[in-house]
Amino acid sequence: MKFFIDTANLEQIREAYDLGVLDGVTTNPSLMAKEGIKGRDAVMKHYVDICEIAQGGDVSAEVISTDFAGIIREGEELAELHPQIVVKVPMIKDGVKAIRYFSKKGIRTNCTLVFSAGQALLAAKAGASYVSPFLGRLDDVSTDGLALIEQIVLIYDNYGMGTEVLAASIRHPMHIIKCAELGADVATCPLQPILDLLKHPLTDSGLAKFLSDAAKTA
Ligand code: G3P
């Protein structure tokens, strides 16, 4: 399973890459706003900066238009920015049409804001490179987000669909582990759940004992 980091914070992206386990980056307009990025030129430059830190990894950059012509115009501009850019398109009618258009032109896409298996099926039929089911936001409304990941993986496997399942809106390390068990192709999350995978009290106490015993042999 690939690990993507879900942030527009350059320091956190660097830290995750330094760990040596990162495969890409996802962003969205809320994450860009959180970093105080303002104005089209600044947004475009920020995407390029992210691509440079991401060392060859895919970087999802989201369109903000909701009509077909606008999505195409924005998506083509984003795709031209850097070869690592994957155009993130919302799961709406014009978005599905745009994904088909981009797919025919060889522009890679990530279909975002997916909350049902039917939406995931449409995204794959349209030729999306990635589909992003938001599992944490489903959990937030008392719906089993992981069950959706399982359902999409099964459907795509049934037909050998090439779209990769990018589990998004991941909130904690168990989400990552469960996504790996279910066969998600990618998990994207903030830095903290990735760092949380490191932790185990028996590792800490075991290391403390080894170090204190090593001191006896010094
Ligand atoms: O990639 C989608 C993700 O950013 C949504 O996460 O935590 O806002 O639900 P969250």
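Note down all Cβ pairs under 8 Å where the first residue falls in segment 141-152 and is of a type in the set (D, E, K, R), the second is assigned to a helix (DSSP H, G or I), and they're at least six residues apart or on different chains. Cβ pairs passing all conditions: D144/L138; E150/L182. Of the residues making up segment 21-35, one or more are part of a strand (DSSP E or B), at negative phi and of a type in the set (V, I, T). Taking every residue in segment 31-56 that is touching a residue at least 40 places away in the same chain (Cβ under 8 Å) and pairing it with any residue that is in a loop (DSSP other than H, G, I, E, B) and of a type in the set (V, I, T), at least 6 positions away or on another chain, the pairs with Cβ-Cβ distances below 9 Å are I50/T27.
Answer yes if at least one residue in segment 169-177 is surrounded by 12 or more Cβ atoms within 10 Å (Cβ to Cβ), touching a strand residue (DSSP E or B) at 6+ places or on another chain (Cβ under 8 Å) and not in a loop (DSSP other than H, G, I, E, B), and no otherwise. Yes: one or more hits.
Can you find a residue in segment 135-146 that is assigned to a helix (DSSP H, G or I) and exposed (fewer than 13 other Cβ atoms within 10 Å of the Cβ)?
Residues of segment 135-146 that are assigned to a helix (DSSP H, G or I), as a first pass: 135-140, 145-146.
Next, only the ones that are exposed (fewer than 13 other Cβ atoms within 10 Å of the Cβ) stay: 140.
Taking every residue of segment 135-146 in turn, at least one turns out to be assigned to a helix (DSSP H, G or I) and exposed (fewer than 13 other Cβ atoms within 10 Å of the Cβ).
Inspect all residues belonging to segment 193-203 and state whether any of them is assigned to a helix (DSSP H, G or I), more than 13 Å from the chain's Cα centre (by Cα), exposed (fewer than 13 other Cβ atoms within 10 Å of the Cβ) and among the charged types (D, E, K, R). Checked segment 193-203: no residue is assigned to a helix (DSSP H, G or I), more than 13 Å from the chain's Cα centre (by Cα), exposed (fewer than 13 other Cβ atoms within 10 Å of the Cβ) and among the charged types (D, E, K, R). Restricting attention to segment 29-57 and to residues that are under 16 Å from the mean Cα position of the chain (by Cα) and farther than 23 Å from D18 by Cβ, the residue that is surrounded by the fewest Cβ atoms within 10 Å (Cβ to Cβ) turns out to be S30.
Bear in mind these aren't lab numbers, they're just calculated from the coordinates by the rules spelled out. These figures come from a predicted structure and were not determined experimentally. Please note: Cβ atoms are built from the backbone with ideal geometry, for glycine as well, and neighbour counts cover all protein chains shown.
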